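Here the structure comes first, spelled out in structure tokens, and everything after it is commentary.
The values are calculated or read from the model by the stated rules, or taken from the named source; none is laboratory data. What you are looking at is a predicted structure, and each value in this text was computed from that prediction instead of being measured. Note that we place each Cβ from the backbone using ideal geometry, even for glycine, and neighbour counts take in every protein chain shown. When the accessible area is computed, the model is the full protein with side chains, heavy atoms only, and any ligands, DNA or RNA have been set aside. Shrake-Rupley method; radii C 1.70, N 1.55, O 1.52, S 1.80 Å.
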Amino acid sequence: MKPDWDSLASTFEDSKKVLIADVDCTTGGKPLCEKYGVRGYPTIKYFNPPDEEGEDYKGGRSLDELKKFAENELGPGCSVDLMDNCSEEQKGKLKEYIDMAPEKRTEMLETLKKELADAESTHEALLKELQATYKESMDKLEKLKEESAPKLKLIKAATPVAPSKAKDEV
């Protein structure tokens with residue numbers, strides 16, 4: 001995927017609305033990756049202003065698919081400051097929040113962020129619990145295999161082999 005990614009970056013290097021970049025999450029980019037929830041590699045995140053949280057890219061990974069996405073989906077999105085980028089449907093949905101008191105919008109945003117953070121924390125705790133349960137189960141299984149191996153060998157060794165029904169003909 002790296003060659004296609006580099007080619008995509010070259011294609012858009014002079015773009016005023018699209019930036020293609022990569023971050024090494026194993027070295028200096030680790031804090032950035034943690035901030036945006038990158039856990040697996042390679043992960044593609046995209047940000048369309050005014051979005052500051054980023055979204056996970058779930059499309060194809062070929063150069064053609066990445067290029068098509070970048071050409072059609074990346075760039076400044078619909079917002080109160082860029083109403084020309086909004087469809088009529090988006091304008092209608094946005095109006096409810098534009099008309100809302102700024103304090104109410106801020107409160108809603110903070111509430112949603114907290115709900116997401118709490119859900120992620122609960123998910124991470126469950127994952128750790130499941131991993132611990134899996135490890136415990138795997139350890140028990142390995143111990144049983146290790147303890148059973150000598151007995152299995154003895155039982156097999158004590159069991160006569162059935163004579164072959166095939167006749168040797170010369």
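Data table
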read-out: Test result for GLY77, under 26 Å from LYS113 (Cα atoms) and either under 23 Å from the mean Cα position of the chain (by Cα) or not aromatic (Phe, Trp, Tyr) (or both); value: yes
read-out: Tabulated pairs, segment 95-113, first farther than 17 Å from GLU52 by Cα, second part of a helix (DSSP H, G or I) and open to solvent by 80 Å² or more (accessible area, probe 1.4 Å), C-beta under 8 angstrom, 6+ apart or interchain; value: TYR97/ARG105
read-out: Yes/no for SER121 being of a type in the set (Ser, Thr, Tyr), touching a residue at least 24 places away in the same chain (Cβ under 8 Å) and either within 30 Å of ALA21 (Cα to Cα) or open to solvent by less than 100 Å² (accessible area, probe 1.4 Å) (or both); value: no
read-out: Of the criteria (1) in contact (Cβ under 8 Å) with a residue 12 or more places away in the chain; (2) open to solvent by 50 Å² or more (accessible area, probe 1.4 Å); (3) assigned to a loop (DSSP other than H, G, I, E, B), which one ASP4 fails; value: (3)
